[in-house]
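A short write-up of the structure that comes next.
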Amino acid sequence: MAYFGLISPGMLNMTALKISMNAGKIEGLKFSIGASLVVFFQAGIALYFADYFTNNPKVIAILKIAAVFIFFALAVFFFMLSKKDLNPKATNEKNNFFVKGILMSSINMLAIPFYLGISIYLSSKDKIIMEQPYILLFVFGASLGSFLIFYTYMVFAKIINDKVSFIAKNINLILSLLFFGLAIFTLIKILR
């Protein structure tokens, strides 16, 4: 699920691609390991709260209202980013790409809600057991799936960069429209 959830060009996998192309595969791997390490903890947090939310449906109703505001804020945020030139420049300076992966993955605001949604869905269908060692296996799988998608982007960097240049150049505008649509859809569901 983590692999396919992150398959579209996004901040983390496109950064892994650019680092791999500009600084080499080893540096791309360092970035990917750092980003995947954070996903391990994000998925763990999501699983912890999934159990709480499934037992408290009133909290989910409040979170749906909050989600509308968050989606609108993210739509505006990505729209503003789409107006800036975000083309990374090749550089010869040495960066700590492992730390960069940790930092960038930490500010990814979609990871915890993504894994929270998946874990609540799986729990409602009795497809996940909310106890050890299954929780550890789930978060390890989420982290491994994230690493594998970053690695896939690095392996096919040249092809992906050529084929998705339109998406890569306009990803922030696309994300802005996506979040705007999600906000409207969530608002309509609440009002019904």
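Restricting segment 101-143 to residues that are surrounded by 13 or more Cβ atoms within 10 Å (Cβ to Cβ) and aromatic (Phe, Trp, Tyr) leaves a set whose member that is nearest to residue 66 (Cα to Cα) is 114.
Within segment 15-35, the set of residues being of a type in the set (A, V, I, L, M, F, W, C), modelled with pLDDT of 90 or more and surrounded by fewer than 24 Cβ atoms within 10 Å (Cβ to Cβ) comprises 26, 29, 33.
Whenever a residue of segment 98-123 is touching a residue at least 12 places away in the same chain (Cβ under 8 Å), its partners that are part of a loop (DSSP other than H, G, I, E, B) and among the β-branched types (Val, Ile, Thr), lying with C-beta atoms within less than 8 angstrom and at least six residues away or across chains, give the pairs 119/128. Listed conditions (1) surrounded by fewer than 19 Cβ atoms within 10 Å (Cβ to Cβ); (2) closer than 19 Å to residue 97 by Cβ are all met by residue 76, apart from (2).
The values are calculated or read from the model by the stated rules, or taken from the named source; none is laboratory data. Quantities reported herein were computed from a predicted structural model and do not represent experimental measurements. Positions of Cβ are generated from backbone atoms using ideal geometry, with glycine treated the same way; all protein chains shown enter the neighbour counts.
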